1. Note down the nm distance, to one decimal, between modelled labels 7 Å out along Cα→Cβ at residue 135 and at residue 17.
2. For residue 326 and residue 82, what does the FRET efficiency come to when R0 = 51 Å and r is the distance between their Cβ atoms, rounded to the nearest 0.05?
3. In nm, what is the difference between 0.36 nm times the number of residues separating residue 96 and residue 219 and their Cα-Cα distance?
4. Quick one: length gained pulling residue 192 to residue 117 fully straight, 0.36 nm per residue minus the C-alpha distance?
5. Could you give the nm distance between label points at residue 299 and residue 42, where each point is 7 Å from its Cα heading toward the beta carbon?
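FYI, it's all coordinate maths here, none of it is from the lab. Remember, it's a predicted structure, so these values are computed and weren't measured experimentally. Using ideal geometry, Cβ is built from the backbone for each residue, glycine included, and neighbour counts are taken over all protein chains shown.
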Amino acid sequence: MFQKSALILKKIGIAILTSVLFFYVMVFIHQGTIWYFQTSFLTELSLLIIFLLALFWTHNYISKFYSKGYGASINSWFKPFVEGATVILVTIVLTFILMLLPYLTFVKGFRLQAERVRLGFVIGTIVSLFFYYFVERQRSNKQLQEQFLRAEQLQKENFRAQLEALKAQVNPHFLFNSLNVLSSLVYKDPNIAAQFIGQLSEVYRAILDSSSHQLVPLREELKLIEAYIYLLKTRFGDNVRFEINVAPDKEHLELPPTSLQMLIENAVKHNGHTAQKPLFISIVSDGDALIVRNNLQPRLDEVNSTKVGLQNIINRYKYLSDKQVQVEQTAEEFIVKLPLLQVDAV
């Protein structure tokens with residue numbers, strides 16, 4: 001409300017200053033001096049101020065009409081000519097209604113001269129076009145840019161909120177499954193369970209450290225994976241085997257935190273693994289991507305899943321990059337290709 005009032009006052013001020021300046025330019029042209037005043041000038045000045053205010057008001061509506069809706073759909077090459085013609089037509093109508101008719105009605109002794117009428121139309125049109133294109137359109141374009149920026153910012157905030165909601169799913173998901181592992185170890189070997197707890201604390205500390213980031217360097221994710229693999233080896237021994245072959249020059253690239261850990265966790269959860277049929281999981285860099293694959297040997301028993309894992313990773317990539325996670329399943333393998341992102345790609 002305050003901004004709207006300030007804009008109205010600004011337009012009134014511009015109308016008054018422009019009217020006085022224009023009026024005395026005309027006085028100088030006709031009289032050869034600006035030190036000239038008659039009481040009838042107040043009527044002429046008032047009419048001129050009203051005329052300019054009416055122009056500003058109509059300019060606002062013309063600008064809005066050609067900025068959105070039907071007016072915005074006009075061909076971009078043809079549009080400036082139609083817009084300019086509209087301004088000229090409206091100016092001529094306002095000049096006749098707010099200048100000529102009042103002069104004929106209220107100013108005694110006023111004689112309608114063709115030359116003066118033409119001059120009034122020409123000058124009024126020039127002034128109108130100037131204020132429209134250099135004031136109103138500039139202001140309208142600025143408002144549109146601000147609206148686009150606000151919409152973009154709101155979209156980013158919305159994405160950020162959804163991303164945080166997705167990230168919040170990760171920690172409970174990991175903790176739930178880790179506690180299941182720990183509960184089985186407690187009964188098998190308390191000493192191994194104690195070592196598992198120590199390594200689990202290291203893994204969970206790494207997860208908490210990365211949870212405040214949308215992306216983490218691959219080198220940091222690999223450190224987490226090394227600790228996590230230790231936990232899996234503690235429980236399954238050689239029943240689950242790993243191959244990690246990542247080019248050192250790719251370790252600075254980034255990916256959503258805990259992505260690798262969740263893929264490994266899903267592979268172990270959904271596939272059988274015995275000494276006779278071990279589960280093989282490989283993590284290999286391929287250009288600016290990381291390929292995680294495992295051999296398929298589905299478990300016969302029903303798996304209790306929280307349905308988070310892979311879909312969580314896919315959704316996070318959607319908010320962070322145009323690059324997509326690629327998932328492929330063959331008769332022998334399950335393959336996930338994670339894009340590795342540059343820091344400035346987010």
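1. Computed distance between label sites residue 135 and residue 17 equals 1.0 nm.
2. About 0.55, to the nearest 0.05.
3. Gain on extension, residue 96 to residue 219, equals 36.7 nm.
4. 16.8 nm
5. Here the answer is 9.5 nm between the modelled labels.
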